[in-house]
Amino acid sequence: METLKITVDKEHPSIESLSEAIRLIKEGGLVAFPTETVYGLGGDAKNPEASKKIYAAKGRPSDNPLIVHIHDFSELEEIVAEVPESARKLADAFWPGPLTMILPKNDVIPLETTGGLDTVAIRMPSHPVARAFLTESKVMIAAPSANTSGRPSPTTADHVWEDLHGKIDCIIDGGSVDIGLESTIVDLTDEIPTILRPGYINEKMLSEVLGQVRMDPGILGVDKNVRPKAPGMRYKHYAPKGDLTIVEGDRDKVVLKINACVKADLAAGFKVGVIATEETKALYDCDTILTVGERKNEDTIAHNLYGILRDFDELGIEKMYTESFDTPRIGQAIMNRLLKAAGHHVIEA
Ligand code: TXA
Ligand code: MG
């Protein structure tokens, strides 16, 4: 299959520039598009054949449900069994934006889209291109992240191209995304709203709107016998090809520890890389030092993380070391992704 690449204006995409993508999605085709979090691989959420094609293109297990993207709250009402007050409050506070809600479904969205579950994940993205695509096509779009299953989520159209060209109909290139980590997922089917995946909308922001909120015990990694509730959080994910180790502790000790590990790995003949920050990059002694962002501007770290993991793959790096990023607002989301990428391999400096 030939994959069509369309370049659009990120802030003001014209309807003409999107017309071919709109035609393809209405016909049951697959179209990757930018959102404010990561690029999504879209198909018509009501069309079971389109959902099957999404799973095939990504190599994704078919029990891992897709998120349905909408542009108006009335579409949520159309696809859920009931609308709890909590969903209205969250939508008022955070939609359009990087928040996904899980609610009981009715029969409008087929089980192929929800991985066989009787609940449905719904999100109203804020990215101008995603909004124009949803509004103009009038299609509710099922979209997982537009990466091959197991690779870091794509934050540029080039990442999508790397993984999926030849397997999907179209990629809408709207430049680099803003946030760089996937949406926060909150499950409203439990008595206490539960965060199944941390993201830019953090626990504090949610609890200011809902009162009590809890983290899914399955994603905290405290008890290995408790599985994450979101099927996608159970799989090995966001994994670079090399071995990634997170080094925790005081900054100076972390630098010393990483430099010692790098030295030992180089002596053993490995290709080694370090994930550094603007504040620390000059302190490492290694050929391959990639700067993920600035600690004093934590959004930059979220924004660049997945791109950096892909860069290490491209460079053929076998052993990687990173500092830890427990930053105040988005640190929980960054560390959730980083821990998965590292297979929970953490050492104390
Ligand atoms: O930011 C995002 O959410 C991006 C953009 C494209 O919107 N999408 C995204 O989709 O990250 P995906 O498929 O990569 O991740 C969806 C996650 C998976 O972990 C999946 O298991 C979970 O949401 N999920 C979807 N429906 C669910 C449901 N009904 N119950 C529990 N978890 C669900
Ligand atoms: Mg994904």
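The values are calculated or read from the model by the stated rules, or taken from the named source; none is laboratory data. Keep in mind the model is a prediction, meaning the values are calculated, not measured. Ligands, DNA and RNA are stripped out before the accessible areas are found, and what is left, the full protein with its side chains, is counted by its heavy atoms. Shrake-Rupley method; radii C 1.70, N 1.55, O 1.52, S 1.80 Å.
When the gyration tensor of the range 15-102 is built from Cα positions, what are the square roots of 5 times its three eigenvalues, in whole Å, from largest to smallest?
One finds semi-axes of 24, 17, 13 Å for the range 15-102.
Using θ = phi - 60° and the Karplus form 6.51 cos²θ - 1.76 cosθ + 1.60, what ³J(HN,Hα) does each residue of the range 5-21 get, whole Hz, x for Gly and Pro?
10, 10, 9, 10, 6, 4, 8, 10, x, 7, 5, 4, 5, 9, 4, 5, 5
Compute the convex hull volume of the Cα atoms of the range 246-349, divide it by the residue count, and report the result per residue in Å³ as a whole number.
So the per-residue Cα hull volume is 89 Å³.
Add -39500 (n - 2.57) for each DSSP H run of 4 or more in the chain, then divide by its residues: what number comes out at 222 nm, to the nearest 500 deg cm²/dmol?
-10000 deg cm²/dmol
Taking all protein chains as present, what is the carbon and sulfur share of the accessible area of the range 232-349, in % to the nearest whole number, probe 1.4 Å?
Answer for the range 232-349 is 50 percent, counting heavy atoms of protein chains only.
How large is the translational diffusion coefficient of the chain in µm² per second when you combine the Kirkwood radius over alpha carbon pairs with Stokes-Einstein at 20 °C and 1.002 mPa s?
104
Per Stokes-Einstein, at 37 °C and 0.692 mPa s, what whole-number D in µm² s⁻¹ belongs to the range 309-349, with the Kirkwood radius over Cα pairs as the hydrodynamic radius?
289
So who's got an amide H within less than 5 Å of the one on residue 197, skipping anything under 5 residues away but keeping other chains? H placed 1.01 Å off N, in plane.
Amide H neighbours of residue 197, under 5 Å, 5+ apart: 185.
Can you pull the three principal axis extents for the Cα set of the range 265-324, in Å, largest first?
36, 23, 16 Å, listed from the longest principal axis down.
Carbon and sulfur: what percent of the range 72-180's accessible surface (1.4 Å probe)?
C and S atoms contribute 47 percent here.
log₁₀ I(q)/I(0) of the range 74-193 at q = 0.19, 0.23, 0.24 Å⁻¹, via Debye over equal Cα point scatterers, no solvent, to two decimals?
Values returned for q = 0.19, 0.23, 0.24 Å⁻¹ are -1.20, -1.50, -1.54.
Which lysines have a Cα lying under 30 Å from the Cα of residue 263, excluding residues fewer than 8 positions away in the same chain?
Cross-link targets: 236, 241, 253, 271, 281, 296, 319, 340.
If you project the alpha carbons of the range 186-322 onto the principal axes, what extent comes out on each, in Å, largest first?
Principal-axis extents of the Cα atoms in the range 186-322, largest first: 54, 32, 26 Å.
Any aspartates and glutamates with Cα under 16 Å of the residue 26 Cα? List them, leaving off those in the same chain fewer than 8 positions away.
Residue 26 reaches 16, 44, 49, 136, 169.
Gaussian network model of the chain, Cα springs within a sub-10 Å range: biggest mean-square fluctuation belongs to which of 18, 290, 315?
Greatest mean-square fluctuation among the candidates belongs to 315.
Considering only C-alpha atoms, what is the centroid distance from the range 40-90 to the range 211-236, in Å?
A separation of 21 Å, based on Cα centres.
Roughly how many Å² is the accessible area per residue of the chain, as a whole number, for a 1.4 Å probe?
About 42 Å² of surface per residue is accessible.
Give the distance, in whole Å, between the Cα centre of the range 291-349 and the Cα centre of the range 1-35.
31
What does DSSP give for the chain in terms of the percent of beta bridges that are antiparallel, rounded to the nearest 5?
That works out to approximately 35 percent antiparallel.
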